[in-house]
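Before any comments, here is the structure.
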Amino acid sequence: MTNSKHDQHKLNTKLVHAGRKPEEYYGIVNPPLVKASTILYPSLEAYQDPQTRYRYGRMGTPLSNAFEEAMAELEGGYKAISSGSGLSAISAALLSFLKSGDHLLMVDNAYGPVRDFCNHALRRFGVDVEFYDPALGSGIEAHVKPSTAVIYMESPGSGTFEVQDVPAICAVAMRKSVVTIVDNTWAAGLLFRPIEHGADIVIQSATKYVGGHADVNLGVIVIGKEAHFQPVRQTTWDMGICASGDDLYGGLRGLRSLTLRMKQAGEQGMEMARWLQKRPEVERVLYPALPEHPTHAIWKRDFSGANGLMSIVLREGYGPEAVSRFANALNLFPIGSSWGGYESLLQPQSPQKFRKHPAWEHKGAVLRLQIGLEDTDDLKADLDQAFSRL
Ligand SMILES: *Cc1c(COP(=O)(O)O)cnc(C)c1O
């Protein structure tokens, strides 16, 4: 539940105060790192009292509560539930609202392992999974069936960064009583707040910008309204979903400097995107803040800024060996998964392998770049010497 004392404050102020209760910890600024499995009861009556606040580490601690309060406040939701990873937050959110025979509309540019979860577990349990074109706005209506239970969005989508018309899709879903789930990891709750645009459930991989230091595995499910809370609470308890104390602590610490890091990431991201756009080796830069990006208008309408994540599509004709020479020559962009940390990274993408709605049209290699907090002159010089190896 959000902290009413700060309801009137702006987001940056909320982020400083969210989830903190120094008065409960001898004035200590940060909620202490709590590591707990067993929690003791003073009496049998207390054990049997349904009102007892904390029962077992897996089911919640003062630290998970602090992180959840902060995330609910950041996303403007009713309550939040933390989990050990972004992916477990997503699978638990989907399982909370789907049953055998239901139809799921899953966006075609969703994070790869989410696609895998749909194709493996959900299909096995009899969910009718349909991948849809991220360019669909209110046109999603034509895909909604009487059995449609959930519309899942991720905006901008993984690796290719198409921005979805979330408000238009949520408007259709609301009319049809379909639950909407949005993966808001790219915006980190700061650049875009889907619940304000009609979304029911928002999930984030707090592993990325919220954690921000490449050392946390953490996820969160933010529930927009009270009616949707209990199904998610029950599912996460049934599945044993929980986050470790260390990771919750890392997530809360990351939140305090999130605005600062996002501002810098957005500035450096834009500078690098413009620079990359001018390179003769690059066919296009997939970064929604660029005016040339196909869904720039929606991004501009709904988002308050950008981050440091983008992909480049190399010109056709650079074979796998050339691309390897380029990637291996980089010194400041080591190859690695994840993003949102302080350090730059490179990761190859393969949308041509799985994108079907619509099929991926570009022939050139797609490489995702996470722009970290290094000096952009150094990043450009490093890319420059590696491009010469192509
Ligand atoms: C990384 C990522 C996830 C999964 O998060 P984990 O914390 O790694 O499980 C989900 N969605 C998006 C968009 C991601 O980038």
Amide H within-cut-off set for Thr148, under 5 Å, with H built and near neighbours excluded: His103
C-alpha long axis of helix 166-175 to longest principal axis of the chain, angle in °: 50
Euclidean distance of C-alpha centroids, segment 25-43 and segment 298-313, integer Å: 40
Degrees separating the helix 229-239 axis from the principal Cα axis of the chain, which is the longest one: 80
0 to 90° range, to nearest 10: angle between helix 62-75 axis and the chain longest Cα axis: 50
Most fluctuating residue given options Thr376, Thr38, Thr259, as computed from a GNM of the chain linking Cα atoms under 10 Å: Thr38
Mean ellipticity per residue at 222 nm, deg cm²/dmol - from DSSP H runs of n ≥ 4 across the chain, formula -39500 (n - 2.57): -10000 deg cm²/dmol
Nearest-20 debye value, segment 40-122 charge dipole, Cβ charges on Lys, Arg, Asp, Glu: 200
Cut-off under 5 Å, modelled amide H: who pairs with Ile39 long-range: Gly57
For segment 137-153, Karplus couplings with θ = phi - 60° (6.51, -1.76, 1.60), whole Hz, Gly/Pro x: x, 5, x, 4, 3, 5, 9, 7, 10, x, 8, 5, 10, 9, 10, 10, 10
Inter-centroid distance (Cα atoms) of segment 241-286 relative to segment 92-143, Å: 27
Residue-by-residue Karplus 3J(HN,Hα) for segment 217-228, coefficients 6.51, -1.76, 1.60, Hz, glycine and proline x: 10, 7, x, 8, 10, 9, 9, x, 10, 3, 4, 8
Under the Karplus curve 6.51 cos²θ - 1.76 cosθ + 1.60, θ = phi - 60°, whole-Hz ³J(HN,Hα) for segment 109-123, x wherever Gly or Pro sits: 9, 5, 3, x, x, 6, 4, 4, 4, 5, 6, 8, 5, 5, 5
Amide H contacts under 5 Å for Lys79, placed H, 5+ residues apart: Ile223
Approximate spin-label separation Glu196-Glu130, in nm, with each point projected 7 Å along Cα-to-Cβ: 3.2
Positive-pole candidate from Trp339, Ala329, Gly319, dipole of segment 312-356, charges at beta carbon: Gly319
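None of the figures in this text is laboratory data; all of them are computed from the coordinates on show. Source: prediction; values computed, not measured. Methodologically, a virtual Cβ is constructed for each residue, glycine included, from the backbone with ideal geometry; neighbour enumeration extends over all protein chains shown.
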